[in-house]
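The values are calculated or read from the model by the stated rules, or taken from the named source; none is laboratory data. Keep in mind it's a predicted model, so treat the numbers as computed, not measured. Methodologically, a virtual Cβ is constructed for each residue, glycine included, from the backbone with ideal geometry; neighbour enumeration extends over all protein chains shown. Heavy atoms of the whole protein, side chains included, go into the accessibility calculation; ligands, DNA and RNA do not. Shrake-Rupley method; radii C 1.70, N 1.55, O 1.52, S 1.80 Å.
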Amino acid sequence: SPGGAARSPAGRGAMPGRGALRLALLLLVLPGCGSAQQPRSCLTLCVCSEPARTVKCVNGNLTAVPPDLPPYVRTLFITGNPLAALPAAAFARQRLPDLGALNLSANHLREVEDDAFASLPALRQLDLSGNPLASLSPLAFGEAGSPLEELALRGSLRDPGVLRNLTALLQAGVLRNLSRLELADNGLLLLPAGMFAALPALRHLDLSDNSLVGLRNVSFQGLSQLESLNLSGNSLSVLRNGTLAQFRSLPALRRIGLARNTWVCDCAIEDLVAWLKESDQVESKEALTCAYPDKMLGKALVKIDSSDLDCSAPVDLPSQLQTSYVFLGIVLALIGAIFLLVLYLNRKGIKKWMHNIRDACRDHMEGYHYRYEINADPRLTNLSSNSDV
């Protein structure tokens, strides 16, 4: 009908309008769903960037590792939080197959437990700097080994027990891929023997801004890949021949930092001066100066001549002690020889004296024996009594 015909075009024109409305509503709903899913993939206290594959949880008052980290994360920052402990299940509850860089610096971490990082198969960089660590488990990376290449512990080893834990961890051999180790600003006085023996891939070692007074027990043998060694800002007074020989034997070592140390310019420093003059391994070696004695204060080590050193007083205490022991042994041996000589020269008199002592002892013993016989025989006792009467 005409009316129907008239309504039909109108009806056909209304259909596209309703379709457009549905499409518009759908477009409005979809972003809402996406925003509703965001809290499940990244915590409110963290900033997540999927394009950069980065999560930052900075100054967020976190006391534990977030349990719902997005699986795409490659770089994770958890810094400035009251995070006191890192248990074994800290990362094991979630699958983070691509996490390669983990920054846990400037928290309040005091304890890192067994297997804390064992569930991170791609971990290459770990920063634990600025934490007051009291316990670092030697099994923090598990027993099977770790792909870790860089470990930063700046200002985190103030507790003496943690240094022992770290030494046990490094010597266990689970970090054989480690190429960079930062131990700066920890107040270290001495390093445990063999601390770096199981780090064949180590290329950069930072020991700056500590209080190291010597490297006598430290071995760098086996670090054939070592390229840089930073010993600046310590309390080194001299480097002995054994340490210098190790430096010479490392084929890849090209940068050694020795600035800001208290070099004592006496006879013991001759070997160090000779090595500095011939070596090109030391950075800014012209700036190294004497700190003691006063007459050498400020003098450049590379400009020191043998005539400048005061060798009137002994400076090597162990050498002095060794010499003293040798001298004492010689004196005692001489005294013993003189005593034996005196005995030999007076052997006849000594023999006669020994015989006299033997006879006197024998007479004395016979007297005791005679008294015993009298006391033991009643008849002799009565006879002795009657004789007295």
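Can you pull out the residues in the stretch 169-182 that are open to solvent by less than 40 Å² (accessible area, probe 1.4 Å) and within 15 Å of SER137 (Cβ to Cβ)? First the steps, then the outcome.
The initial filter retains those residues of the stretch 169-182 that are open to solvent by less than 40 Å² (accessible area, probe 1.4 Å), namely 169-170, 173-175, 178-179, 181.
Of everything in the stretch 169-182, those that are open to solvent by less than 40 Å² (accessible area, probe 1.4 Å) and within 15 Å of SER137 (Cβ to Cβ) turn out to be LEU169, LEU170, VAL174, LEU175.
Tell me, yes or no, whether the stretch 113-129 has at least one residue that is in a loop (DSSP other than H, G, I, E, B), more than 14 Å from LEU76 (Cβ to Cβ) and either in contact (Cβ under 8 Å) with a residue 60 or more places away in the chain or among the polar types (S, T, N, Q) (or both).
yes
Quick one: count up the residues across the stretch 210-242 that are of a type in the set (Gly, Ala, Ser) and within 16 Å of the chain's Cα centre (by Cα).
Within the stretch 210-242, the subset of a type in the set (Gly, Ala, Ser) is 211, 214, 219, 222, 224, 228, 232-233, 235, 237, 242.
Going one step further and asking which of them are within 16 Å of the chain's Cα centre (by Cα), we end up with 211, 214, 219.
Adding up the residues that qualify gives 3.
Would you be able to say whether some residue in the stretch 54-61 is part of a loop (DSSP other than H, G, I, E, B) and in contact with a Leu (Cβ under 8 Å, 6 or more places away or on another chain)? Show your work before the answer.
First, the residues of the stretch 54-61 that are part of a loop (DSSP other than H, G, I, E, B): 59-61.
Within this subset, residues satisfying the condition of being in contact with a Leu (Cβ under 8 Å, 6 or more places away or on another chain) are 60-61.
Yes, the stretch 54-61 has at least one match.
Which condition number in (1) touching a Gly at 6+ places or on another chain (Cβ under 8 Å); (2) open to solvent by less than 10 Å² (accessible area, probe 1.4 Å); (3) under 21 Å from ASP280 (Cβ atoms) is the one that ASN186 fails?
Checking ASN186 against (1) touching a Gly at 6+ places or on another chain (Cβ under 8 Å); (2) open to solvent by less than 10 Å² (accessible area, probe 1.4 Å); (3) under 21 Å from ASP280 (Cβ atoms), the one that fails is (3).
Out of the stretch 263-306, which residues are among the basic types (Lys, Arg) and open to solvent by less than 50 Å² (accessible area, probe 1.4 Å)?
Once the filter is applied, which keeps residues that are among the basic types (Lys, Arg) and open to solvent by less than 50 Å² (accessible area, probe 1.4 Å), the stretch 263-306 yields only LYS285.
Select from the stretch 148-162 the residues that are crowded, with 20+ Cβ neighbours inside 10 Å and not in a strand (DSSP E or B) and write down the one among them that is farthest from the chain's Cα centre (by Cα). Full working, then the answer.
To start, the set of residues in the stretch 148-162 that are crowded, with 20+ Cβ neighbours inside 10 Å comprises 148, 151-153, 155-157, 162.
Right, trim to not in a strand (DSSP E or B) and you get 148, 153, 155-157, 162.
Values: LEU148: 17, LEU153: 10, GLY155: 12, SER156: 11, LEU157: 8, VAL162: 8 Å.
Looking at the filtered set, the residue picked out is LEU148.
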